[in-house]
Amino acid sequence: MFLIPHFSFLKQFFPSQDITKTSRSLNDLFRHEFVQNLLKNNRLTIRLFSGEFYQVEALSYDRHSHQLVISDRAENGFVYLEKGEKVEFYTSVNEDFEYFSFYSKVEKIKTLGNKLIYYMNVPEHMTKKQRRTFYRYPIKHHSIVRIEGTNFSGHVSNLSLNGIGFILKGYYPFPLEIGYNLEGCQIDILQPRINDNIVLNCSINVRRIAYAGLPERQTIIGGVINRSTVEQEEQINKFISLQLSG
């Protein structure tokens, strides 16, 4: 076993080269691309099965055993895990708007000074996805959010032809995870320049969840608009063009 303690040293083991799907399996290709992604940005998002999200840094990676090492220090607090606990990882988005996600579990825990060090295995199978490339326009107008028949106090924060983000006051009271479809959504956004509303009736596939603690106590949700119609896209495009022209 050869442990690579710092990602700056990985470059000598993974030189730039063209890797085709015919020469390596798709899983090997994804795992190679995952490491290349870490070379550029070793920050990871970790989601606990309690629904909490933390921003952590990868400390090292063993290229033989595919073992990833992180600590309990996160940008937004401390990550407390137990041996055998299952978690989900998301990499940062690369220049092609792609990111990787995979499930893992805590294989080993060590103490280093006043830190807890967690050892995770990067699985053979991981998911590669592409985030939206459409421009998202920030929304500052009054808006109303209804999800599955329930009205929520909050507002839409951004909008694009295929995506939307909104902030709800308080914590979302129902189970929610990445990939979940919020059905029966109705989004009303006031257009003050023409004194009219843009009304979107849609399903939203959740791609981002975050929670703001006290004093705000907010739930931040971002997602992709499922089955967007041509009429709906024209409506959104007209709305965004009107705001940009002002």
Q.
Restricting to segment 191-225, and then to whatever is β-branched (Val, Ile, Thr) and more than 25 Å from ASN76 (Cα to Cα), can you tell me which residue is modelled with the highest pLDDT?
A. ILE204
Q: Being over 19 Å from the mean Cα position of the chain (by Cα) and in contact (Cβ under 8 Å) with a residue 60 or more places away in the chain is the filter; apply it to segment 51-83 and report the residue that is surrounded by the fewest Cβ atoms within 10 Å (Cβ to Cβ).
A: HIS64
Q. With LYS169, LYS86, LYS110, LYS129 as the choices, which residue is basic (Lys, Arg) and free of Cβ contacts under 8 Å to residues at least 12 places away in the same chain?
A. LYS110
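The values are calculated or read from the model by the stated rules, or taken from the named source; none is laboratory data. Just so we're clear, the structure is a prediction, and the values are computed from it rather than from any experiment. In this analysis, Cβ positions are derived from the backbone assuming ideal geometry, glycine residues included, and neighbour counts consider all displayed protein chains.
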